[in-house]
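Q: Take a look at this one; I'll ask things after.
Where a number appears in this text, it was derived from the coordinates with a stated rule and is not lab data. Being a predicted model, the structure only gives us computed values, none of them experimental. Cβ placement follows ideal geometry from the backbone for every residue including glycine, while neighbour counts extend to all protein chains displayed.
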Ligand SMILES: NC(=O)c1ccc[n+]([C@@H]2O[C@H](COP(=O)([O-])OP(=O)(O)OC[C@H]3O[C@@H](n4cnc5c(N)ncnc54)[C@H](O)[C@@H]3O)[C@@H](O)[C@H]2O)c1
């Protein structure tokens with residue numbers, strides 16, 4: 001292990017790139033960050049944090065002297081050999097990952113024997129092999145390539161970077177793989193050093209497995225509703241089995257976010273493109289789509305038609321402690337409610353600015369209490385702590401109706417009922 005960590009470049013300063021950059025700076029590296037978004041770079045140069053991520057502002061401030069921001073890739077190339085790529089890989093219409101940002105980076109890197117691309121972005125299995133072919137076509141054979149998939153979770157990304165469950169490094173056994181292993185060594189995490197394709201597949205398979213677990217417990221919840229069992233009790237009983245584990249067994253209104261939906265789709269598509277029909281993932285996706293709509297059924301059951309009804313949505317981000325609205329369940333829910341004729345008022349502690357870019361036709365409230373005032377029904381969409389801990393007696397006094405739909409099974413039904421409200425969870429008695 002090297003005693004003074006080497007400088008690195010980070011290309012793409014979004015959720016993954018910025019957290020990783022700050023994390024490596026915390027471990028002692030000089031970090032040269034590059035992004036094509038000039039506004040984002042200008043904000044970072046002013047010391048502003050362009051995303052909401054707990055602890056990130058503090059970590060950036062602590063390491064400000066080691067962090068450099070630029071729109072010019074040349075700065076990173078000049079100072080660092082390892083170039084971590086953390087650009088977006090969103091889904092295309094076909095469900096495949098859009099690798100255009102990755103290809104733009106590859107196209108911009110000059111021929112060099114001194115540099116390596118370290119792929120943090122989530123890419124389909126086989127991407128590393130084809131990019132190395134592209135290097136050859138572009139006369140850049142000397143460039144090294146490492147797959148180093150990222151597993152951090154938005155909302156706890158700083159802690160996840162510093163305490164990863166594992167570090168996965170896929171490489172061809174050259175200097176670059178060794179250098180990446182050295183960089184991560186101080187974290188003391190279990191290391192999986194493997195070939196490039198297997199490293200890529202670890203990432204996709206991990207996300208697909210977690211998504212499968214969520215869709216599985218959501219289906220159990222739906223069966224519980226038909227049979228009188230309580231999914232929270234069922235999940236507790238299942239989760240105590242070491243072979244199953246309690247994480248990702250919370251039934252609710254489905255998964256969203258920038259990773260699970262697209263990565264499950266990308267794996268399904270990848271399998272399909274190579275001639276294999278990944279049947280299980282079709283079901284995972286379909287269950288998740290239907291789950292987001294089940295809240296509408298519950299509202300109809302209690303309120304009759306939704307025309308003219310006022311519904312308050314508490315929480316909009318795809319999960320608590322982030323402002324990320326990508327593929328959030330609230331997007332489907334608000335669109336369905338508006339289509340059914342309801343008026344929707346929503347409140348989120350931090351995601352309003354992002355939500356305004358994606359949602360039309362709803363009103364935004366400045367507080368949870370403002371959102372619930374005059375509501376016929378309240379839906380807890382994102383289990384922010386401040387929303388779970390609301391004064392439910394005050395909520396009851398402000399609402400016109402009394403229905404609370406707990407889309408995340410995060411509330412105590414006893415507390416809700418004691419406030420004189422009608423509680424409806426997902427798969428709960
Ligand atoms: N967000 C997560 O929780 C998470 C977790 C693990 C892995 N990932 C993966 O990491 C990758 C990045 O995700 P994200 O959420 O950080 O994305 P993001 O959209 O937040 O950030 C991507 C950044 O890359 C920049 N960019 C795009 N093209 C560029 C180019 N040619 N040169 C320089 N910068 C460029 C964008 O301006 C943006 O700032 C994706 O592949 C994603 O699947 C994300």
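Q: If you take the square roots of the eigenvalues of the alpha-carbon gyration tensor of the stretch 53-118 and sort them as a ≥ b ≥ c, do you get rounded (a/c under 1.5), prolate (a/b over b/c) or oblate? Don't skip to the answer; put the middle values down first.
A: On the way: a/c = 2.84, a/b = 1.21, b/c = 2.35.
The shape class here is oblate.
Q: Neighbouring Cβ atoms within 10 Å as the yardstick, rank 127, 136 fewest first. Write out the running numbers ahead of the final one.
A: Values: 127 22, 136 11.
Fewest-to-most Cβ neighbours within 10 Å comes out as 136, 127.
Q: Roughly speaking, what is the stretch gain from residue 394 to residue 72, that is 0.36 nm per residue apart minus the C-alpha to C-alpha distance, in nm to one decimal? Kindly include the intermediate steps, with their values, before the conclusion.
A: On the way: separation 322, 0.36 × 322 = 115.92 nm, distance 5.33 nm.
Contour length minus the Cα-Cα distance gives 110.6 nm.
Q: Still on this structure, please answer the following. Could you check what % of the DSSP bridge pairs in the chain are antiparallel, to the nearest 5?
A: Of those bridges, close to 5 percent are antiparallel.
Q: Give me the distance in nm between label points sitting 7 Å out from Cα along the Cα-to-Cβ direction at residue 92 and residue 246, one decimal.
A: 4.4
Q: Considering only DSSP beta bridges where both residues belong to the stretch 68-169, give the percentage that are antiparallel (nearest 5).
A: Close to 10 percent.
Q: To continue, here is another question. Quick one: angle between helix 279-303 and the longest Cα principal axis of the chain, in degrees between 0 and 90, rounded to 10, please.
A: In the chain, helix 279-303 runs at an angle near 30 degrees to the longest axis.
Q: Also: Please identify which residues in the stretch 277-320 have an amide N closer than 15 Å to a label point set 7 Å out from the Cα of residue 226, following the Cα→Cβ vector.
A: Label zone hits: 287, 291.
Q: With a 10 Å radius around each residue's Cβ, average the other Cβ atoms per peptide and rank 207-216, 383-392, 37-46, highest first.
A: Result, highest mean first: 207-216, 383-392, 37-46.
Q: Helix 196-227 versus the longest principal axis of the chain: what angle, 0 to 90°, nearest 10, using Cα atoms?
A: Its long axis makes an angle of about 10 degrees.
Q: Please give the helix 175-184 orientation as an angle from the longest Cα principal axis of the chain, in degrees from 0 to 90, rounded to the nearest 10.
A: 50
Q: A follow-up question, please. Pull out a ≥ b ≥ c, the square roots of the eigenvalues of the alpha-carbon gyration tensor of the stretch 314-409, then state rounded if a/c is under 1.5, prolate if not and a/b is larger than b/c, and oblate in the remaining case.
A: The shape class here is oblate.
Q: How much length is gained on full extension from residue 303 to residue 39, taking 0.36 nm per residue of separation minus their Cα-Cα distance?
A: So the extension gain works out to 90.4 nm.
Q: What is the extension gain from residue 340 to residue 360, computed as 0.36 nm multiplied by their sequence separation minus the C-alpha to C-alpha distance, in nm to one decimal?
A: This chain segment gains 5.7 nm when fully extended.
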